[in-house]
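Only one structure is covered here, and it is reproduced in the block below.
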Amino acid sequence: MSVAISFNNIVKKYGEATVIPELSLTIKEGEFFTLLGPSGCGKTTLLRMIAGFNSIEGGEMTFNGRAMNQVAPGKRNIGMVFQSYAIFPHLNVSENIAFGLQTRKLVKQEIAKQVDEILKVVQIEQYRDRMPKNLSGGQQQRVALARAIVIKPDVLLMDEPLSNLDAQLRVDMRNAIKQIQREVGITTVYVTHDQEEAMAVSDRIAVMKGGVIQHVGTPREIYQRPANLFVATFVGRTNIIEAVIARNERGEASVVIGDSYQESIPSLNRIQEAIGAVKLSVRPEEFVLSPDQTGLKGTVVNSMFLGLNTHLTVKLSHGQEVEVITQSELDDVIETGERIYLKILAEKINVFDASGNRNFTGGTG
Amino acid sequence: MMNARMKRFDIWSMITAAIFVGYIVFLALPLFMLLIKSFFDGTTGEFSLAYFTKFFSKAYYMNAVWNSIKVTVSVTILAIVVAGPLAYVMSTIKIKGSTTIRILILISSMSAPFIGAYAWILLLGRSGIITKFLSQVFGIEMPDIYGFSGILLVLTLQLSPLIFMYVSGALKNVDHSLLEAAESMNVTGLRKMWKVLVPLITPTLLAGGLLVFMRAFADFGTPMLIGEGYRTVPVLIFNEFISEVGGDDGFAAAISVIVVLFATTVFLLQKYVANRKSYSMSALNPIEPKKIKGVANIAAHVYVYLFTIVAMMPQVYVAYTSFQKTSGKIFVPGYSLDSYRAAFSKVGDSILNTFLLASITIVIITLSASLIAYVTVKRKGAVANVLDTFTMLPYIVPGSILGIALLVTFNKQPLMLSGTAAILIAAFVIRRLPYTIRSSAAVLHQVSDSIEEAAISLGSSPMRTFFKVTMPMMISGVIAGAIISWISVITELSTSIILYTGSTRTMTVAVYTEVVRGNYGVAAALSTLLTVATVLSLLLFFKLTGKKEVSM
């Protein structure tokens, strides 16, 4: 049975230091939920509070409405996959997987049956009698996952499970994890600092910084309409450009960058209050090369051909360097040193107030 | 990160409390009693500083202190000077038979030092075989081996292997590329050693030096046998405590207190210096021994072989004499097993005692060391820190002093233990626990906390987790440590000589008394049996751990 997890004004302290101040969050039943943030943001702390390895100094945490603050870790019916996998090195694959079932006082045949089933789900049947030291990283990962889900937990917790794998395997494993999660349908809380991984696997993501949740939303919402400047810069790459908002006589808003380039932003029209200086978040793919000699003037200081795309570093006339991604063209190669003009895709970019805390272009912030 | 579990009162809190009580009763309380005894007059029971005044005002006692310091400092320096280069040579130059040599050096360090003392008397003493040979054939008179020089010889040979093992271990962690980096900056030869290698192994030298210092300082058997009137502090304590005429518990206690304070100071000083100079190193490309040619190669081989031969000589010679025919107390030409027959019939009980006591000790050590290692490594906190300090104390408190402390504490009801096997076992356990704790803890440090968390989150109880998950993972460290503890129990003298009675006499005590009586044949047979037991235990250690070294 899967559960919904709810935090009501949760507080975590280490001695006098408050690591998480009054955090509230609801994770829906059956959801693949990711805690994303830089190291030290409190994501692992929060995960370990769900597991019961960290105490809770204030507020309440519930599973389906039942308070869990004081329940011992072993009694929470949680499956956990650790960053180091934490596979028992002295037990073979099936013994590792059976470990949790044995504490549940099942008869031998039943344990064997369930181990068999889960081995099939994670596709490591052929390694059932191997010792962990004879398994590759990816195989160990699957054992850890199998051991965590075979006990039919209410919640599956995963603490940076892919960080020890090499790049290609990481992509394969995250697909496998996503697929297995969908198959068994357990509420899953996943911790990572890798934003691409988070977007690939999650139904919803909470971006954290300094113990505070910055933004909760679907991967699409977080990438396209980040709640604040931190989220915009942490998830995906972006250029932050200073600009000013101007309105014409009809009240239509546009951004003015430098003194030569102006682009109207229809989504700002609904905002009544006066806006002055702003910060734009323009992702590299939200620049387009201007066909005529209008827009932002700049010089290409580096051009990197990466196959599908060409990455440009462009020095704008007022001195700032921006990253630009263009589709690679067959003939029209942009060379280093070339002078170009850039325009921004007005409907895609995000406009933040000068402090970076508010997104005028939408989003939940 | 374990706050949540620390707060809950569980089975581990009870185990910690039990271990704590054990240390309080068998270590803290006895040392406290010793302190009390030293400050109160033995006959009137009044507070008095008389013992301390007596100690510091008489040249007789200050002389012993001076002797002890002379011996200890000289042995420590000499051991570093001899064994440091030895370790360097063995680590950088290919020596033929180096594996065997390492094992032999290890074995030589594992025997009881006083056996070395008595063997050197047989070799270099007044009627020693080498002395006689040299004077009869070449007319050379050997310098006197009794007194300071003899103690120096025996203890240096006995304790150099510790430095050798420490430095070898440290050199293994020095990355070869560090030396190559130095060379690339044109720092070569001796300058390279002095500028790069010596600073890197300094913390290790200090740690090894401390161990040598403490052992040399506490050693009782060697000055007793070969010192011939050259009194050191342990001898003084023993005489004051044991001697039939004029033995004085209170005064022995006072000297003990001074010794413990002195040892503590040295210990803290070493820790302070070592902490400021420690580096964490792990070598991707360890230094490999290289084949060299010419004079240097010959010199290296001569140095290594010579040290090994001299270090092994006592044990080999003792073993040889154990097969010699005896007539009464003297060796006569021809070979026989008489000494062994005599050993079994005269002091057979001591053999049985040794192995029985050591077996019980090891069972207790194995269980408590694994629990203590677990508590101190995995359940950090104020209590665990105090426990950690307790486990270090036996490094500072010499064996004879612990023996005396236990005796003065447990000599009356309700804790009447003196004269029983229990008091010996308690002393052995307290003294030899650290080896097993350290090797168990070393393994536990490698085990990530998440392994246990995995078991707990899967619903496993604390005890099931410990025995099913943690214990199997640390068992290699526990066994390795237990074997070293075992060897040190069967070869230890300084505590048992204080605590034994007729029915609890151990082999080392028997060897000592037989040597004192001049029954060299029986002593040799017993010593050889001890050596065989030690070597067999070491072989078992090598087999189980797959290692060819021991961490002390």
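What follows draws every value from the coordinates through simple rules; no lab data is involved. Nothing here was measured: the structure is a model prediction, and the numbers come from that model. Reconstructed Cβ throughout: ideal geometry from the backbone, glycine too, with neighbour counts over all protein chains shown.
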TODO: With r as the distance between the Cβ atoms of B:Ala299 and B:Leu352 and R0 = 45 Å, compute the FRET efficiency 1/(1 + (r/R0)^6) and round to 0.05.
DONE: 0.40
Task: Per-residue ³J(HN,Hα) for the range B:452-460, Karplus 6.51 cos²θ - 1.76 cosθ + 1.60, θ = phi - 60°, Hz, x for Gly and Pro - done: 5, 4, 4, 4, 5, 5, 7, x, 7
Task: Among B:Val257, B:Ser494, B:Val89 the positive-end extreme of the charge dipole of chain B (Cβ point charges) - done: B:Val89
Task: Exposed chymotrypsin sites (Phe, Trp or Tyr not before Pro) absent - longest run of chain B, DSSP non-H/G/I/E/B, at most 16 other C-beta within 10 Å - done: B:280-552
Open item on the list: Once you keep just the Cα pairs under 8 angstrom separated by 6 or more residues, what percentage relative contact order results for the range A:5-54?
Closed with: 27 percent
TODO: Determine which lysines satisfy two conditions relative to A:Lys279: a Cα distance under 26 Å, and not lying fewer than 8 residues away in the same chain.
DONE: A:Lys209, A:Lys297, A:Lys315, A:Lys343, A:Lys348
Open item on the list: Cα atoms only: what Rg and Dmax, in Å, come out for the range B:58-322?
Closed with: 20.9, 69
TODO: Under 13 Å Cα to Cα from B:Lys325, which aspartates and glutamates show up? Leave out anything in the same chain fewer than 8 places away.
DONE: B:Asp338
TODO: Provide a whole-number value for the mean count of partner chain Cβ atoms within 10 Å of the Cβ atoms in peptide B:445-456.
DONE: 6
Task: Under Karplus coefficients 6.51, -1.76 and 1.60, residue-wise ³J(HN,Hα) of the range B:333-350 in Hz, glycine/proline x - done: x, x, 10, 6, 9, 3, 4, 5, 4, 4, 4, 5, 7, 7, 10, x, 4, 5
- [ ] With runs of 4+ DSSP H residues as the only contributors, calculate the mean residue ellipticity of chain B at 222 nm using -39,500 (n - 2.57) per run, divided by the residue total and rounded to the nearest 500.
- [x] -24000 deg cm²/dmol
Task: Cα-projected label distance for B:Val266 with A:Lys113, points at 7 Å along beta-carbon direction, nm - done: 7.0 nm
Task: Near-label residues of the range A:327-365 by backbone N, under 20 Å of a point 7 Å along Cα→Cβ of A:Ser317 - done: A:337-346
Open item on the list: Taking beta carbons within 10 Å but only from partner chains, what does the mean come to for residues A:51-57?
Closed with: 5
Open item on the list: Less than 17 Å apart at the alpha-carbon level, and either on another chain or at least 8 residues along: which aspartates and glutamates does that give for B:Lys378?
Closed with: B:Asp10, B:Asp388, B:Asp449, B:Glu452, B:Glu453
Open item on the list: If amide hydrogens are placed 1.01 Å from N in the peptide plane, which non-local residues have theirs closer than 5 Å to the one on A:Tyr14?
Closed with: A:Val19
Task: the range B:186-256, Cα convex hull volume normalised per residue, Å³ - done: 112 Å³
Task: Debye log10 I(q)/I(0) at q = 0.12, 0.26 Å⁻¹ for the range A:1-72, Cα point scatterers - done: -0.30, -1.37
Open item on the list: I'd like the distance separating the alpha-carbon centroids of the range A:172-197 and the range B:133-147, in whole Å.
Closed with: 83 Å
Task: chain B: relative contact order as a whole-number percent, Cα under 8 Å and 6+ apart - done: 22 percent
TODO: Using the Karplus curve 6.51 cos²θ - 1.76 cosθ + 1.60 with θ = phi - 60°, work out ³J(HN,Hα) for each residue of the range B:310-321 in order, rounded to whole Hz, and write x for Gly and Pro.
DONE: 4, 5, 7, 3, x, 5, 5, 5, 4, 4, 4, 5
TODO: Mind listing the long-range amide H neighbours of A:Asn239? Cut-off is under 5 Å, sequence gap 5 or more, other chains count too, H placed in the peptide plane at 1.01 Å from N.
DONE: A:Val282, A:Arg283
Open item on the list: How shielded is B:346-356 by partner chains, expressed as the average number of their Cβ atoms within 10 Å of its Cβ atoms?
Closed with: 0
Open item on the list: Distance cut-off 28 Å, Cα to Cα: go down the list B:Lys271/B:Lys543; B:Lys195/B:Lys543; A:Lys113/B:Lys468; B:Lys132/B:Lys293; A:Lys28/A:Lys152; B:Lys70/B:Lys94 and report the pairs above it.
Closed with: B:Lys271/B:Lys543; B:Lys195/B:Lys543; B:Lys132/B:Lys293; B:Lys70/B:Lys94
Open item on the list: As a footprinting exposure proxy, order B:Thr528, B:Thr501 by other Cβ within 10 Å, with the fewest listed first.
Closed with: B:Thr501, B:Thr528
Task: Label-point separation in nm, B:Arg464 to B:Ser503, each point 7 Å along Cα→Cβ - done: 4.6 nm
Task: Given 15 as the ceiling on other Cβ atoms within 10 Å, longest exposed-site-free region of chain B for trypsin sites (Lys or Arg not before Pro) in DSSP loops - done: B:127-276
Open item on the list: Loop only by DSSP, 16 or fewer other Cβ within 10 Å of the Cβ. Give me the GluC sites (Glu not before Pro) in the range A:245-315 that pass, ordered by residue number.
Closed with: A:Glu249, A:Glu252, A:Glu273
TODO: Scan around B:Ser336 for amide H atoms under 5 Å from its own, H built in the peptide plane at 1.01 Å from N, and keep only partners 5 or more places away or cross-chain.
DONE: B:Gln324, B:Lys325
Task: Longest DSSP-loop-exposure-free segment, trypsin sites (Lys or Arg not before Pro), chain A, at most 10 other Cβ within 10 Å - done: A:106-249
- [ ] Name the most mobile residue of A:Leu268, A:Leu308, A:Leu330, meaning the one with the largest mean-square fluctuation, in a Gaussian network model of chain A with Cα contacts below 10 Å.
- [x] A:Leu330
Task: Neighbour-count ranking [beta-carbon atoms within 10 angstrom, fewest first] of B:Val266, B:Val318, B:Val137, B:Val174 - done: B:Val137, B:Val266, B:Val174, B:Val318
TODO: Kindly provide the pair-distance distribution of the protein assembly as shown built from C-alpha pairs, with 10 Å bins from 0 and whole-percent values in order of increasing distance.
DONE: 2, 10, 15, 16, 15, 14, 11, 8, 5, 3, 1, 0, 0
Open item on the list: Suppose each label sits 7 Å from its Cα in the direction of the beta carbon; what would the B:Arg517-B:Gln413 distance come out to in nanometres?
Closed with: 3.6 nm
TODO: Report the relative contact order of the range A:237-353, percent, no decimals, based on alpha-carbon pairs under 8 angstrom and at least 6 residues apart.
DONE: 29 percent
Task: Pairwise FRET efficiency - B:Asp41 versus B:Ile242, Cβ, R0 = 25 Å, nearest 0.05 - done: 0.75
